[in-house]
Amino acid sequence: MTEVLKPGSSEPPENIYLPHLAAIKEIREETQDIKTFKLVFQDEELRKSFTYKPGQFIEFSIFGVGESPFCLASSPTREGYIECSIKKMGKVTQAIHDLEEGDIVGIRGPYGNGFPVEEMKGKNLIFVGGGIGLAPLRSLIWNVIDRRDDFKDVIIVYGSRSIADLVYKDELKQWQNTPGVKLTLTVDPGGEAEDWKGEIGFVPTILEKVNPSPGNSLVITCGPPIMIKFVLVTLNKMNFSSQQIITTLERKMTCGLGKCGRCNIGSVYVCKDGPVFTYAQIEQFQEEI
Amino acid sequence: MTESREPNTEQQEEWQPKIIGFLCKWCSYAGADLAGGSRIPYPANIRIIRVPCSGRVNPLFVLKCLENGADGVLVSGCHPGDCHYSEGNYYARRKFAVFKKLLEYLGVDPRRFQVSWVSAAEGEKWAEIVKTVVEEVRAAGPNKQLSAPVDKCSGAPVKRKHLKND
Amino acid sequence: MIKRLQEKVGKLLREKKVALVIGYEMAGDGISTTPCFIEREDEVERLVWNEHCVYNLSRYLIETRELASSPSPKIGVVAKGCDVKSIIGLIQENQIKRDEVVIIGMECEGQFDVEGERQFKVEGLKLKDKDKDKDKEGKLLEKCKACEVHIPKVYDLLIKDDRNSGAPEPQSPEVNAYAQVEELEGKSQEERWQYWKKEFARCIKCYACRQVCPLCFCPQCIADQTLPQWISPSPSLKGNTTWNIVRAFHLAGRCIDCGECERACPMKIPLRKINKKLGKEIKEMFDYEAGLDSEAKPPLADFKLEDPEEFIR
Amino acid sequence: MTEKIVSKEDLKKILEGLMKTSELLAPGKEGDLVLFKPVKNPEEVFFAYPNSLKPVKEFFFPPREELFKHEIREGKVGLSSEHQENRKRVIWGVRPCDAKSLLMFDKMFDGEYKDSYYLEKRAKSVLVGLACNEPLDSCFCLSLNAGPHAKEGLDVLITDLGDDSYLVEGITAKGEELFQGCGKESGEGERTRKKELEEAAKKKIRKTCQPPPDLESFFEDPYWEKVSRKCISCGVCTYLCPTCFCFDLSYEGRDCIRFWDSCSFSPFTKMTSGENPRREKKTRYRQRVYHKFSYFKKNFGEIACVGCGRCLRECPVKVDIVEIVNQCSKDKTKD
């Protein structure tokens, strides 16, 4: 607990709700309903000073429409810009999809704890992603590739409903060609095409087939809740302990500051204490995830 | 859109009433079209929104218009018996009869919400109705009851075209 | 009356005629009552009946039906004459089926203005003192003064008032049910606007009016929609006015005047005065009264060729 | 800490003075409601009330507050946050329970992320307390480390001694400042009188809130389903609660606004994907209880309830959170 500000005793603190202005530099269409936005802060100082960890998120403001939290999909090792991959779902995301290059948006953050990158050093990393859930993993994957010597082997298992739903298609190729990185792609049965060279099947099944070893390894997983549920079963079968499994949770994080009161799971605020948790931590929660 | 694209009429020149018209596409819209095609003059204070049927108009549309700065709203449909969907305008008639009473009861100026039947052949009648409605709303003055006149902002995101070319 | 109520409910539960009964029990303050859900025969002693049974329990019918796990899907509900009207409304709008509910009708002499407690909250008086020095007439809820349904129109069981033996008292109220509406109608347009503006300004958007209403059952309220956002979610005069108009209009021809919205409103906005006005107009224009006939078509889902149209150009 | 005796006339003069030098808010009647309002006439200041309908939180954390505006000027987007008026604000007639609740708000709105909107209002405000001599049946502050004459969070406390005389106890410098140069020193008799009033008031508070120490262990108990059944999921208890602080952010035209929100509403936690961790009424009601009696305590060392009793008085269906919290351990052992 921090010391309570005595009325009348302090300088006015900075405004925690005021976003920084950022311009959209580039928009890439990943799939039919997912776009990746490259954002550059208007303020040159901020472009240099804005630092973050993979797994952290920002509050993305469309002035006049609304604000929503999105994870940072870019790697902090690539300086000068940030990227978010956004699926068209509701009011704000629809407005975001209507944006064009050069449009101005607001950014608050970064918020949350982020992935424990330091702890990952010297370990084998297994990434298990589904659909748009690859976005936060992408941040970490590029971070790992850019600092390749700090980490051991990398295994990536990524799947989506169909080939068209795979995100970062160009980057997947780059990852595949990186030494020490083993990428397995899969699509749900029925989502394949004739020339599809990857696997066909749900992510947990393919993960079992890839069969990574739990020794000196960490699993980082993100995707739809149903996928995570079965990925955990698979990992359990393969003798991964709950401390070795890291995921990011999704909640409605309106303020990102641990104040607005809706993202808590028990006394834990996902926006402040998370969104990254080990499965061992999650097991302690009373509420269902 | 935060910069109003029109000159601020209220300050620069005489205030002009702004009226939103919800017109059924089968009768009243065609009627308005006829008025235009026949070069029958009527005031330009009305902005027309075409709807499939007067029965489609939710009273919330009317409220929203008044809330967002319209000075008056006119709903116009087919004459009873002429509805393309047989009975849409009959339902509309009941709905707006009640809604009009409610607005009046709450003290909203009754001139701000009006209903008319205009057929596809009634270009003259359309022009007359618009004239009357505009005059009545003009007499009622700017809508200060339901609208919040301070910020004219549609709530659309900041687009590049709103900014100076750099 | 309470004894007979408890016996009858006990019997219903014992014979598995109902899975659960929604009724009234004493509240912690020892004076007012609160809704309760009785599932076992040994709980029936909790049930009470007095002049503080203000709540319209039909509000719980839809969600309770979903919760009832017992093989018997029937729900028993203790209902006053006015509450039965909203049950009829729910049947009429296909929200519940007649044979899913067992209506335990109560003969009701009128409910007291427990909210007259407000006075006690304001002045710090104790409710008991307050009760003593006011005559019965003065304590009656506004809606009860013009009540026409002391005995419910529809019921499965009727619990009669012990005090009334023989024929029920004549049910023609001398009170003008629309007195308050007419008073406001008599004012100028500007006066009316100023009146409502002041009332709506107080609204804090707690949605108690909506939540307590037996006929506000939309799975998603238009006020909660975001695409588009029709009603501004924050409390401001603009959004409050729109919300209150929309709420009332959605109840036009459906509201059965149980007055729960006004009772629940912590800011005491006279919502009944709006609902009542709509009821009055619909009665005059379309000769329809809500909550009387579960087979009738709701007036705004109906029309007549000769409906009034003087207001149309 | 100074104590003095002032007369009703003195108080009126002080109110008149404060009206000129600062923004003065005090309870007044609006129909049947008691609400804090800007004072236009000292005669209208209402003393004989148990408590205001809305707690004073609304002056620090308004139901609707504009945070900033976005504007396009000269081809550039700008954000402007309007500077708050820094005129001194005196809130007169605050009950001790409400004053205490602000200390909890301090913990919430200060901390790692400092909420300038709240803190600025806090810094410019002086809280003049009014001791409770006539607590209601629904009051239960005594069991929550507060009391009808408690001073915590206040700048000055006034006790009505009857006979048009008031005991004024300075608590902070800015509180004392308001009463400088008026009244006379208090005597032994008056201090005894105040003690008596305090004891008498305490005796009137019979309701006690005693959450079980192991509340966490009841989390999965069917009890919550049972006790939340009659809850109608409205926002009355949360909006009128002096310690509830949940909010939402939204844009309305050019303004980014913050406004009250409530954990009782189902859309509160609903995500765009349609997932809703607290879709069931039971989980929402349990969240309210646990947030107050467990989570806040875990995070900030204190139960987030001051026992003002508003939620009991104003609940449209008389849900009694005190009874529910007290009963939960008993009910468990019974089943």
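Of all residues in segment A:250-289, which are in contact with a Phe, Trp or Tyr (Cβ under 6 Å, 6 or more places away or on another chain), of a type in the set (A, V, I, L, M) and in a loop (DSSP other than H, G, I, E, B)? Selection gives A:Leu257 alone. May I ask you to list the residues in segment D:167-196 that are under 18 Å from D:Leu18 (Cα atoms) and of a type in the set (Ser, Thr, Tyr)? Within segment D:167-196, D:Thr172 is the sole residue that qualifies. When C:Lys273 is tested against the conditions (1) out of contact with any Lys or Arg (no Cβ under 8 Å at 6 or more places or on another chain); (2) within 13 Å of chain D (Cβ to nearest Cβ), the lone failure is (2). In this entry, B:Gly155 is excluded by the filter for residues that are at pLDDT 85 or above and either in a loop (DSSP other than H, G, I, E, B) or within 26 Å of B:Gly37 (Cα to Cα) (or both). Filtering segment D:215-224 for residues that are assigned to a helix (DSSP H, G or I), surrounded by fewer than 22 Cβ atoms within 10 Å (Cβ to Cβ) and within 14 Å of chain C (Cβ to nearest Cβ) leaves a non-empty set.
D:Pro50 - would you say it is part of a loop (DSSP other than H, G, I, E, B), more than 14 Å from chain B (Cβ to nearest Cβ), within 19 Å of D:Pro148 (Cα to Cα) and not hydrophobic (A, V, I, L, M, F, W, C)? The answer is yes for D:Pro50.
One line per residue, one yes/no per condition, for (1) farther than 20 Å from C:Pro73 by Cα; (2) assigned to a loop (DSSP other than H, G, I, E, B):
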| position | (1), (2) |
| --- | --- |
| C:Leu5 | yes, no |
| C:Ile22 | no, no |
| C:Asp29 | yes, yes |
| C:Tyr55 | yes, yes |
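In segment D:287-309, of all residues being more than 9 Å from every other protein chain (Cβ to nearest Cβ), of a type outside the set (Val, Ile, Thr) and out of contact with any His (no Cβ under 9 Å at 6 or more places or on another chain), the one that is nearest to A:Glu287 (Cα to Cα) corresponds to D:Arg288.
Can you say whether B:Asp82 is modelled with pLDDT under 95, more than 14 Å from chain D (Cβ to nearest Cβ), in a loop (DSSP other than H, G, I, E, B) and over 30 Å from C:Pro270 (Cα atoms), as far as the supplied structure shows? Yes; evaluated as a whole, the condition is true for this residue. Per the listing A:Glu14, A:Glu3, A:Glu101, the residue uniquely within 14 Å of chain B (Cβ to nearest Cβ), farther than 29 Å from A:Phe127 by Cα and either at pLDDT below 95 or under 18 Å from the mean Cα position of the chain (by Cα) (or both) is A:Glu101. Would you say B:Ser76 is more than 9 Å from every other protein chain (Cβ to nearest Cβ) and within 30 Å of C:Cys255 (Cα to Cα)? When the stated conditions are applied, B:Ser76 does not pass them.
Filtered by the rule that a residue be basic (Lys, Arg) and under 22 Å from the mean Cα position of the chain (by Cα), segment D:249-283 gives a lone residue, D:Arg258.
Note on segment C:244-259: residues that are modelled with pLDDT of 95 or more and within 14 Å of chain D (Cβ to nearest Cβ) total 1. Cβ-Cβ distances below 8 Å connect no pair with a first residue in segment D:262-282 that is outside the structural domain of D:Leu249 (by TED's automatic domain parsing), a second residue that is surrounded by fewer than 18 Cβ atoms within 10 Å (Cβ to Cβ), and a separation of six or more residues or different chains. Considering every residue within segment A:175-186, establish whether at least one is without any contact (Cβ under 8 Å) to a residue 60 or more places away in the chain, in the same structural domain as A:Ile226 (by TED's automatic domain parsing), in contact with a Gly (Cβ under 6 Å, 6 or more places away or on another chain) and of a type in the set (S, T, N, Q). Yes, segment A:175-186 contains a residue that is without any contact (Cβ under 8 Å) to a residue 60 or more places away in the chain, in the same structural domain as A:Ile226 (by TED's automatic domain parsing), in contact with a Gly (Cβ under 6 Å, 6 or more places away or on another chain) and of a type in the set (S, T, N, Q).
If you check B:Val115, B:Val137 for being more than 15 Å from B:Ala35 (Cα to Cα), part of a helix (DSSP H, G or I), touching a residue at least 24 places away in the same chain (Cβ under 8 Å) and among the hydrophobic types (A, V, I, L, M, F, W, C), only one passes: B:Val137. Applying the criterion of at least 2 residues that are buried (at least 18 other Cβ atoms within 10 Å of the Cβ) and more than 15 Å from the chain's Cα centre (by Cα) to the helices (runs of 4 or more DSSP H) found wholly in segment D:65-178 leaves D:116-123, D:173-178. Filtering segment B:71-102 to residues that are surrounded by 23 or more Cβ atoms within 10 Å (Cβ to Cβ) and among the small types (Gly, Ala, Ser) leaves B:Gly72, B:Ser76, B:Gly77, B:Ala92. On inspection, D:Val325 does not qualify as more than 11 Å from chain A (Cβ to nearest Cβ) and touching a strand residue (DSSP E or B) at 6+ places or on another chain (Cβ under 9 Å).
Among the residues making up segment B:103-115, those that are at the interface with another protein chain (Cβ under 9 Å from one of its Cβ atoms) and either buried (at least 19 other Cβ atoms within 10 Å of the Cβ) or closer than 13 Å to B:Cys24 by Cβ (or both) are B:Leu103, B:Tyr105, B:Leu106, B:Gly107, B:Val108, B:Asp109, B:Gln114, B:Val115. So for segment A:81-90 (the condition being outside any loop (DSSP other than H, G, I, E, B) and of a type in the set (A, V, I, L, M)), does at least one residue qualify? Checking segment A:81-90: at least one residue is outside any loop (DSSP other than H, G, I, E, B) and of a type in the set (A, V, I, L, M). When segment D:248-286 is examined, which residues are found to be at the interface with chain A (Cβ under 8 Å from one of its Cβ atoms) and closer than 17 Å to C:Ile231 by Cα? Residues satisfying the conditions are D:Asp248, D:Leu249, D:Ser250, D:Tyr251, D:Gly253, D:Arg254, D:Cys256, D:Arg258, D:Asp261, D:Phe268. Within this structure, B:Lys131 passes the test of being surrounded by fewer than 18 Cβ atoms within 10 Å (Cβ to Cβ) and farther than 27 Å from C:Glu182 by Cα.
Yes/no matrix, rows are residues, columns are (1) at pLDDT 90 or above; (2) more than 24 Å from C:Tyr60 (Cα to Cα):
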{"residue": "D:Asn276", "(1), (2)": "yes, no"}
{"residue": "D:Arg279", "(1), (2)": "yes, no"}
{"residue": "D:Ala304", "(1), (2)": "yes, yes"}
{"residue": "D:Cys311", "(1), (2)": "yes, no"}
{"residue": "D:Pro316", "(1), (2)": "yes, no"}
{"residue": "D:Asp320", "(1), (2)": "yes, no"}
{"residue": "D:Glu323", "(1), (2)": "yes, no"}
{"residue": "D:Cys328", "(1), (2)": "no, no"}
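Looking at segment C:35-53 only, could you name the residues that are buried (at least 20 other Cβ atoms within 10 Å of the Cβ) and not in a loop (DSSP other than H, G, I, E, B)? C:Pro35, C:Cys36, C:Phe37, C:Ile38, C:Val44, C:Leu47, listed by residue number.
The values are calculated or read from the model by the stated rules, or taken from the named source; none is laboratory data. Keep in mind that this is a model prediction, so the values were computed, not measured. So basically every Cβ, Gly included, is an ideal-geometry build from the backbone, and we count neighbours across all protein chains shown.
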